[in-house]
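Participant: Please read through the structure below; I'll follow up with questions.
The values are calculated or read from the model by the stated rules, or taken from the named source; none is laboratory data. Remember, predicted model here, so these are calculated numbers, not experimental data. Every residue, glycine as well, gets a Cβ built from its backbone with ideal geometry; the counts of neighbours run over all protein chains shown. For accessibility, only protein heavy atoms count, side chains too; no ligands or nucleic acids. Shrake-Rupley method; radii C 1.70, N 1.55, O 1.52, S 1.80 Å.
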Amino acid sequence: MLEFGELLGTFFIGDYIPWLNWLGKVNGFYSKAEKVAKHLDEFFEEVIEQHISGKRSDGHVGEESNDFVDILLSVQKSNAAGFSIDRTAIKGLLLDMFAAGTDTTYTVLEWAMTELLRHQTVMHKLQDEVRIVVGNKTHVTEEDLVNMNYLKAVIKETLRLHVPIPLLVPRKSMEDVKLNGYDIAAGTQVIVNAWAIARDPSSWEEPLEFKPERFMNSSIDFKGLDFELIPFGAGRRGCPGVLFATAVNELVLANLVYQFDWKLPDGVAGENLDMSEVVSFTCHRKYPLLAIATKYEKK
């Protein structure tokens, strides 16, 4: 998946100047893409076969444990969608779930933990909120998240300052339009710089600072209605996994700060933490985040 993400984020000149397409064969781009595609196809083929034969690798059997693959196979068999879904389409949907549902999610969590370790005041404030709401329970549940307003602000600020997909997914104009005096022809590829929008000083005070408090008394959300914050895009091309991503990020982050106290290793100061980025399909840390977790003991 990491190689897949790198390929998606690679600028390939043949996409824009077709007669230079041959460069993809010379520089190894095509061969690498074919290798990754083969590995992914073999993996998904194995997963589908396991579900068809009833020999799933997780050992679960029976309708009560049906997962996403089982449902897709059921739709294929019953033709419930009203149109045919072949195996290639099923593998394509699985790839979408893996690509869009894993890389982006862990990227947000890693940046959130990075900023919390850099800003201990924010970390302690978040831990206080989570631990008060959860009380004596062993872990955070989805029902607890409703009462964690500061947690939601931390997630929003992370998505603002560290947009997982900085340039979103490319769009294409459907008809000729005039925009701010410019003529945009139908079929033009449109790239939305969500990273720059989220750091625009005309929309945000101290845009380069990590300040979750800016969202505590703000109606701005990331669901596509407030155009100064669009990490999931907006409109008909907006990400369909907003609710999934929000639930996973909030639940995992809340449990991490609830169960453990955190610090950087070897006495590294937060302000000296390396914040270098690497951009592929997503914008993630250049170097993995290393942190020391100490089990939190309730008093």
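Participant: Going residue by residue through segment 160-172, is there one that turns out to be closer than 28 Å to GLY241 by Cβ and over 18 Å from the mean Cα position of the chain (by Cα)?
Facilitator: Within segment 160-172, one or more residues are closer than 28 Å to GLY241 by Cβ and over 18 Å from the mean Cα position of the chain (by Cα).
Participant: Right, another one. Look through segment 239-249, keep the residues that are assigned to a helix (DSSP H, G or I) and in contact with a helix residue (DSSP H, G or I) (Cβ under 9 Å, 6 or more places away or on another chain), and return whichever of them is most open to solvent (accessible area, probe 1.4 Å).
Facilitator: PHE244
Participant: Among the residues of segment 1-54, write down those that are of a type in the set (A, V, I, L, M), under 28 Å from the mean Cα position of the chain (by Cα) and more than 25 Å from GLY101 (Cβ to Cβ).
Facilitator: Result: ILE13, single match.
Yes/no matrix, rows are residues, columns are (1) within 22 Å of the chain's Cα centre (by Cα); (2) among the hydrophobic types (A, V, I, L, M, F, W, C); (3) under 24 Å from ARG236 (Cα atoms):
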| position | (1), (2), (3) |
| --- | --- |
| VAL177 | no, yes, yes |
| GLY181 | no, no, no |
| VAL192 | yes, yes, yes |
| SER202 | no, no, no |
| GLU206 | no, no, no |
| PRO212 | yes, no, no |
| PHE215 | yes, yes, no |
| LYS223 | yes, no, yes |
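Participant: When you scan segment 278-288, do you find a residue that is hydroxyl-bearing (Ser, Thr, Tyr), at negative phi, touching an Asp or Glu at 6+ places or on another chain (Cβ under 7 Å) and in contact (Cβ under 8 Å) with a residue 40 or more places away in the chain, even just one?
Facilitator: Yes, because at least one residue in segment 278-288 is hydroxyl-bearing (Ser, Thr, Tyr), at negative phi, touching an Asp or Glu at 6+ places or on another chain (Cβ under 7 Å) and in contact (Cβ under 8 Å) with a residue 40 or more places away in the chain.
Condition check ((1) touching a helix residue (DSSP H, G or I) at 6+ places or on another chain (Cβ under 8 Å); (2) within 27 Å of GLU129 (Cα to Cα); (3) polar (S, T, N, Q)) across all residues:
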{"position": "ASP200", "(1), (2), (3)": "no, no, no"}
{"position": "PRO212", "(1), (2), (3)": "yes, yes, no"}
{"position": "SER219", "(1), (2), (3)": "no, yes, yes"}
{"position": "ARG237", "(1), (2), (3)": "no, no, no"}
{"position": "LEU264", "(1), (2), (3)": "yes, yes, no"}
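Participant: Look through GLU271, GLU297, GLU228 and report the one residue that is in a helix (DSSP H, G or I) and either open to solvent by 60 Å² or more (accessible area, probe 1.4 Å) or closer than 17 Å to ALA198 by Cα (or both).
Facilitator: GLU271
Participant: Being under 30 Å from HIS139 (Cα atoms), touching a residue at least 12 places away in the same chain (Cβ under 8 Å), β-branched (Val, Ile, Thr) and surrounded by fewer than 18 Cβ atoms within 10 Å (Cβ to Cβ): is that true of VAL257 here?
Facilitator: Criteria not met by VAL257.
Participant: I'd like to check something: does segment 58-67 contain any residue that is open to solvent by 90 Å² or more (accessible area, probe 1.4 Å) and either in a helix (DSSP H, G or I) or at pLDDT 85 or above (or both)?
Facilitator: yes
Participant: From the list GLU277, GLU228, GLU271, GLU297, pick out the single residue that is in contact with a strand residue (DSSP E or B) (Cβ under 6 Å, 6 or more places away or on another chain), charged (D, E, K, R) and either closer than 27 Å to ALA100 by Cα or modelled with pLDDT under 90 (or both).
Facilitator: Residue meeting the stated conditions: GLU277.
Participant: Follow-up question, since we're still on this one. Identify, by number, the condition in (1) in a loop (DSSP other than H, G, I, E, B); (2) open to solvent by 40 Å² or more (accessible area, probe 1.4 Å) that PHE210 doesn't meet.
Facilitator: Failed condition: (2).
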